[in-house]
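What follows is one structure encoded as C-alpha cells, with my remarks underneath.
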Amino acid sequence: MPATKSATPGRGANRAADASEDAKPSAVQRVVSVVLARLRSGEYAPGQIIVARDLMAELELSKAPVREGIHVLVGEGVMELLPNRSARIRMLSAKDLLDFVEVWAAVGGVNVRLGAEHIRDNEQRRRLIEAAKRIQRAGEKRVPYEFFMAVTSFHSLLADLSDNDYIRNIITRAHFAHFHRHIERLFPGAHWQRHLDAFEQITEAALAGNGEAAERAYRRHMSWVLDAMRLNFGAGPAAGAATPEPRASR
C-alpha cells in the first residue's frame, strides 16, 4: 500500500489563521474601546479619574498597553494626563464646546446634503425614515443623551448613504459621546420641540432628494443652537472654564 501522508495544515489554513489573529483587537485597541464604551454608557463621566491599574486588573493586561491606550485617547482629546501621572476623562471648556459646534455645523450640513443627494431606492428611504423615527422616539422620552446619540446615528447613516469615507472618519474621530456628555445638562432643556421640528424638516427635505434644502434647514438649526449655547455660557460658565464637575472613579 502507498504510504499515507500525515495531515498538515496548508497555506490556505495558515492564511485563515493569520487573518483571524489580525481581526482580533490588539490590547491597546481593547483599552481604547472599553474607555469609549464606558463613556457612552455613562459609567465614565467628564472629569472622572481613570486608574490604570484598575484597567490592568479588569482587562488582564500589563501596564504598557494600558498606558498606550490612555495616550491614544489623550491624543484624540478624550482624556488628559495629570501631574501625578494619573489620567482622567478630559473636561471640555465652554470654548471647546462652542468650537466643536461651529465645526460640526459646517461638516454636518455637508453630510446632510450629500446623504440626501444619494438616496436612490426605497430601502435607503426606509432606513432614513427609521433613523428619523428614532430621534422622535428619544425626544418623546425626554432623555437628552439618548436623543443626541440618535442624532449621531442619523448622521452616520447619511454618511453611509453618500459613501463618503472622509465624513465617516470625522464622525468616528469626533467622539460625539464625549461631547454629548458635556451638554446633556444644557440641551435640549426647554427646547425639545424645536429640535424635533428641525430634524423633521431636515428629513422631509432629504427624502425629497433636496440636498440644498436639507442643508439649509440643518445650518439654520445649528446657528440657533450655537447662539443658545453662547447665551447659556455667558450667563453661566465663562468661556474657557470647564463645564462639569470632576467625579472620582467608582
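Just to be sure I understand, how many residues within the range 152-165 are at pLDDT below 95 and aromatic (Phe, Trp, Tyr)?
Qualifying residue count for the region: 0.
Being surrounded by 14 or more Cβ atoms within 10 Å (Cβ to Cβ) and in a loop (DSSP other than H, G, I, E, B) is the filter here, so list the residues in the range 36-50 that pass it.
Within the range 36-50, 44, 45, 46, 47, 48 meet the criteria.
Quick test for you: out of 120, 88, 113, pick the one residue that is outside any helix (DSSP H, G or I) and buried (at least 20 other Cβ atoms within 10 Å of the Cβ).
So the residue among 120, 88, 113 that is outside any helix (DSSP H, G or I) and buried (at least 20 other Cβ atoms within 10 Å of the Cβ) is 88.
Hey, could you check the range 53-85 for residues that are within 22 Å of the chain's Cα centre (by Cα) and part of a loop (DSSP other than H, G, I, E, B) and say which is surrounded by the most Cβ atoms within 10 Å (Cβ to Cβ)?
It comes out as 78.
Across the range 196-237, what is the total count of residues that are surrounded by 18 or more Cβ atoms within 10 Å (Cβ to Cβ) and either farther than 19 Å from residue 148 by Cα or in contact with a Ser or Thr (Cβ under 7 Å, 6 or more places away or on another chain) (or both)?
5
If I filter the range 187-203 for residues that are part of a loop (DSSP other than H, G, I, E, B) and in contact (Cβ under 8 Å) with a residue 40 or more places away in the chain, do I get at least one hit?
Looking through the range 187-203, at least one residue is part of a loop (DSSP other than H, G, I, E, B) and in contact (Cβ under 8 Å) with a residue 40 or more places away in the chain.
The values are calculated or read from the model by the stated rules, or taken from the named source; none is laboratory data. All figures in this text were calculated on a predicted structure; none of them were measured in a lab. Heads up, the Cβs are rebuilt from the backbone with ideal geometry, glycines too, and the neighbour counts pull from every protein chain shown.
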